[in-house]
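The values are calculated or read from the model by the stated rules, or taken from the named source; none is laboratory data. Owing to the predicted nature of the structure, the values given are computational and were not obtained by experimental measurement. In this analysis, Cβ positions are derived from the backbone assuming ideal geometry, glycine residues included, and neighbour counts consider all displayed protein chains. The accessibility values were calculated without ligands, DNA or RNA, using every heavy atom of the protein model including side chains. Shrake-Rupley method; radii C 1.70, N 1.55, O 1.52, S 1.80 Å.
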Amino acid sequence: MEVFLQTLVAGILKGGLYGLIGIGMSLIMGVMGIINLAHGQLMMVAMYVTFVLSHYLGIDPYISLFVSMPALFFLGVVIQKYTLNPLMEVDSILPENQVLMTVGIGMVLTEIARFIFTSDYKSVQTNYSDATFYLGEISFSVALVIAFCIAIGFTLFMFWFLLKTDIGRSIRATAQDKDAALLMGVNSKRITVITFGLGSALVAAAGTVLMPIYYLFPDIGGPFTRKAFVITILGGLGSTVGAIFGGLTLGLAEAFGATYIGMAYDDMIGLLIFILVLLFLPGGFKRLTKI
Amino acid sequence: MKKFMPLILLIILIIFPLVIQNAYYQHLMILVFIWVAIGSGWNVIAGFTGQVSFGDAAFFGTGAYTAGLLAHHFQISAWWGMAFGGIMAMAVAFPFGWICFRLRGAYFALASLALNEVCRHIATIAEPLTQGMVGILIMPTFVSKIPYYYIAFVLAVISVVFVQVVMQSKWGYYFLSIREDQDAAESLGIDTHRYKMVSLNIAAFLTGMAGALFMNYMGFIDPEVVFSLHDISIMAILVGIVGGVGTIYGPAVGAFVMVGVHEFFRTGFFGFFKGMAALTGSDFLNVAAKYISHAHVLGFGILVVLVILYLPNGIVGDWNKLIGRFFSITKKEAAT
């Protein structure tokens, strides 16, 4: 029972972070209709930003959120404006050119990181990295709990932003119907740029709060891109609420899989869920919640 | 003239190893032929049917492992893998396509990426069968590269001709109609799911055969080599895109260019930097040479970005545009 509860807690905490990663991907997915295969790589960049700030300047990883998020927002804006948007006008046979482009961008980001930082594993050591506290018999990692709270905070903020602000409404309008939004006077090109920036900033937040408990190397982006993809499929394409549930489900599944099946199957479990969802619930959780 | 071009090219390629004895260039040409087969396979599913696959390495690796495991466990000549490798790759492609062709466009692309990862994990974890990361080593059959050259050459020619035959048959038109508009194709009574499966299986078969040949030729495989996302799956996409998506000869051109580019980066611009460093005795150039030889993936990434932006239909597909641009530039220069 203790093991079960411990696994449950670990899964939920991890799931909150996955949700944050998934929301960014879902937003981009909804507005532009493409999957951003450089998502994990953007997270990797944010993690390196955090690492540099912490290692060379001694800045606390949580404070470096204020640097890494704007930096990644800017990077996302540049990527969208100068590489993805021009593609809309390019006449080509394959409609998936934008997806291929994000793969290319992901490769470039990974290799640039490898150039600068080599392939060595890096980590940020803080005095709370290994700290834990106990509730009853169950241990909580302090850093993971803080990360979870920050992730929930950003998720709530995103909801407020999407529901109440002008830009948020424009984003939702563009996601629902691009042409209609354009007719209503929404500058959809600007919205795509902002959305990509926001998605990047959100995944940057996830990467930064993960930094105290995780290790870092240039290829870390790939697995997270795949996780984000599984979350997005689980939650239903382009659904923000779905992304949160998708993230939680994946976090729980991974935690239980690691406890009861074996650590080596960590990645396989996500992919197995992915196939099961495709078979039995095509459309993901969006179909159940209708939001 | 244009009619005889393929024939002339064939004759040149047949006498190539007899004229050029250098093993290095023969090796490069063998790689080009293997990539022609893989690129043709990718082109069938992605270029003609419009279902972009990021998982070619899954089929490639399955083919390679089939050949390797036959030789390793049963002492059967790995050349049997050429036949069984293609079939085993189809055995992987069939259930995968059955499930994942519910997805369209980009989602299918991602599912195939997942397939790639699953296969690599299985090959790594199933140690009793595949020896995991240790890999499989078999004895090469021939010492000389010339037999391999001709076998690879035949495989490349067969794949190009096969794709051409398929694309001129009824299947080919079905594939194109699915690419152009899946819903319209369905409403005309084409069983899109079935023909996507056919297309995927053709791709898997060609790629699997290429994988088996790779095993025979290289003599050593491990999961990181044959199930590599960057070196196999992305390279297959690049071969297809650089050469020309949805053209018969595109993959052949693309394979030639991409193997060239790969070597170009791997050898540090064909030893240019190293030579310069030795000449000038500059440490900086020496370091640069070392970095550049590590940077082939970066080069690939930049190439993906540039090709998609400026040459979306590849060298063969945009040939007229390329020629037009080139000539208009020279004309302008002549005018000024």
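Worth a mention:
- Condition check for B:GLY85: over 24 Å from B:MET218 (Cα atoms) and open to solvent by less than 60 Å² (accessible area, probe 1.4 Å): no
- Just one of the listed residues (B:ALA78, B:ALA71) is farther than 30 Å from A:GLN98 by Cα, open to solvent by less than 30 Å² (accessible area, probe 1.4 Å) and not in a helix (DSSP H, G or I), namely B:ALA78.
- Condition met for A:MET47 (touching a strand residue (DSSP E or B) at 6+ places or on another chain (Cβ under 9 Å), in a helix (DSSP H, G or I) and open to solvent by less than 10 Å² (accessible area, probe 1.4 Å)): yes
- Among (1) more than 14 Å from chain B (Cβ to nearest Cβ); (2) closer than 16 Å to A:ARG226 by Cβ; (3) modelled with pLDDT under 85, the one test that A:LEU17 misses: (3)
- Every pair of residues 6+ apart whose Cβ atoms lie under 9 Å, when the first sits in region B:178-190 and is within 14 Å of chain A (Cβ to nearest Cβ) while the second is assigned to a loop (DSSP other than H, G, I, E, B) and surrounded by fewer than 17 Cβ atoms within 10 Å (Cβ to Cβ): B:GLN182/B:ARG104
- Long-range neighbours under 7 Å by Cβ, at least six apart or interchain, first residue within 11 Å of another protein chain (Cβ to nearest Cβ) within region B:118-137, second of a type in the set (A, V, I, L, M) and exposed (fewer than 14 other Cβ atoms within 10 Å of the Cβ): B:THR124/B:MET133; B:ILE125/A:ALA264
- Here A:TYR215 meets the list (1) away from chain B (no Cβ under 14 Å); (2) of a type in the set (Ser, Thr, Tyr); (3) surrounded by 23 or more Cβ atoms within 10 Å (Cβ to Cβ) almost entirely, failing just condition (3).
- Odd one out for A:PHE224, checked against (1) assigned to a helix (DSSP H, G or I); (2) touching a Leu at 6+ places or on another chain (Cβ under 9 Å): (2)
- Failed item, numbered, when B:SER144 is tested on (1) free of Cβ contacts under 8 Å to residues at least 60 places away in the same chain; (2) surrounded by 18 or more Cβ atoms within 10 Å (Cβ to Cβ); (3) among the polar types (S, T, N, Q): (2)
- Tally of residues being open to solvent by less than 20 Å² (accessible area, probe 1.4 Å) and either basic (Lys, Arg) or in a helix (DSSP H, G or I) (or both) across region B:214-272: 24
- Checked against (1) closer than 26 Å to A:PHE280 by Cα; (2) at the interface with another protein chain (Cβ under 10 Å from one of its Cβ atoms); (3) open to solvent by less than 40 Å² (accessible area, probe 1.4 Å), B:GLY97 meets all criteria but (2).
- Extreme residue, most open to solvent (accessible area, probe 1.4 Å), among residues of region B:100-120 that are part of a helix (DSSP H, G or I) and touching a Pro at 6+ places or on another chain (Cβ under 8 Å): B:ARG120
- Matching residues, region A:140-171, being in contact with a helix residue (DSSP H, G or I) (Cβ under 6 Å, 6 or more places away or on another chain) and free of Cβ contacts under 8 Å to residues at least 60 places away in the same chain: A:PHE161, A:GLY168, A:SER170
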